1. Which of the residues spanning region 60-80 are more than 9 Å from the ligand (Cβ to nearest atom) and touching a strand residue (DSSP E or B) at 6+ places or on another chain (Cβ under 6 Å)?
2. Working only within region 86-133, note down all residues that are on the phi > 0 side of the Ramachandran plot, in contact with a helix residue (DSSP H, G or I) (Cβ under 7 Å, 6 or more places away or on another chain) and at pLDDT 95 or above.
3. Please go through (1) surrounded by 17 or more Cβ atoms within 10 Å (Cβ to Cβ); (2) in a strand (DSSP E or B) for residue 119 and return the number of the only condition it doesn't satisfy.
4. If you go through region 33-63 one residue at a time, how many are in a strand (DSSP E or B) and touching a helix residue (DSSP H, G or I) at 6+ places or on another chain (Cβ under 6 Å)?
5. Condition first: more than 20 Å from residue 107 (Cβ to Cβ) and free of Cβ contacts under 8 Å to residues at least 40 places away in the same chain. Now tell me which residues in region 51-91 satisfy that.
6. Identify all residues within region 74-85 that are touching a helix residue (DSSP H, G or I) at 6+ places or on another chain (Cβ under 8 Å), surrounded by 18 or more Cβ atoms within 10 Å (Cβ to Cβ) and farther than 19 Å from residue 24 by Cβ; write none if there are none.
7. Would you tally the residues in region 39-51 being surrounded by fewer than 16 Cβ atoms within 10 Å (Cβ to Cβ) and touching a strand residue (DSSP E or B) at 6+ places or on another chain (Cβ under 9 Å)?
8. Step by step: first the residues of region 7-25, then only those that are surrounded by fewer than 18 Cβ atoms within 10 Å (Cβ to Cβ) and touching a residue at least 60 places away in the same chain (Cβ under 8 Å), then the one that is farthest from the ligand (Cβ to nearest atom). Which residue is that?
Ligand SMILES: C[S@@+](CC[C@H](N)C(=O)[O-])C[C@H]1O[C@@H](n2cnc3c(N)ncnc32)[C@H](O)[C@@H]1O
């Protein structure tokens, strides 16, 4: 569901996602067949600690109800930062079913090299937000528009672990 919503909101770019469970990836691909076929969505098996993408590829990154199961949180956040453009925005969303605590989240994001880390409360849960520091920029970068706004490099978004189901069954890769 999240991937479908993101794919609709990204204009002129694409949405990529990874999960180490083949069942999760297959379910997400099945729900997004047309978008996958038209290359607006790219879903792969993979781990957040070793994302199969080049440095500075994505303008935004999202992980939904996922960070609490990663084996190494800071390593995962660092690799998300690596694949994001300078000034890119990261969001970690949590509903109550995740049992994730808000405590320490901004510190974790800061430890992973992100800036402006803070938590925003919402009715359905909360979201930790942060920015990729612009000190690593190779040129001038302006953040404009919303999540689907004009991009500095390539308008794209990587929803790490956004998937169509809450099931974690199926073969898992070696994360
Ligand atoms: C609780 S589920 C959440 C799935 C989905 N985002 C949702 O909200 O329904 C957590 C997901 O994290 C995935 N996962 C576990 N370890 C991971 C890792 N190291 N890197 C990426 N994904 C991982 C699991 O396979 C599972 O699909």
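The values are calculated or read from the model by the stated rules, or taken from the named source; none is laboratory data. Just so it is clear, the structure is predicted and the values come from calculations on it, not from any experiment. Neighbour counts run over all protein chains shown; Cβ positions are idealised from the backbone, glycine included.
1. 60, 61, 62, 80
2. Of everything in region 86-133, just one residue is on the phi > 0 side of the Ramachandran plot, in contact with a helix residue (DSSP H, G or I) (Cβ under 7 Å, 6 or more places away or on another chain) and at pLDDT 95 or above, namely 113.
3. Residue 119 satisfies every listed condition except (1).
4. Looking only at that region, the number is 5.
5. Residues satisfying the conditions are 52, 54, 55.
6. Within region 74-85, 77 is the sole residue that qualifies.
7. 2
8. Within region 7-25, the match that is farthest from the ligand (Cβ to nearest atom) is 12.
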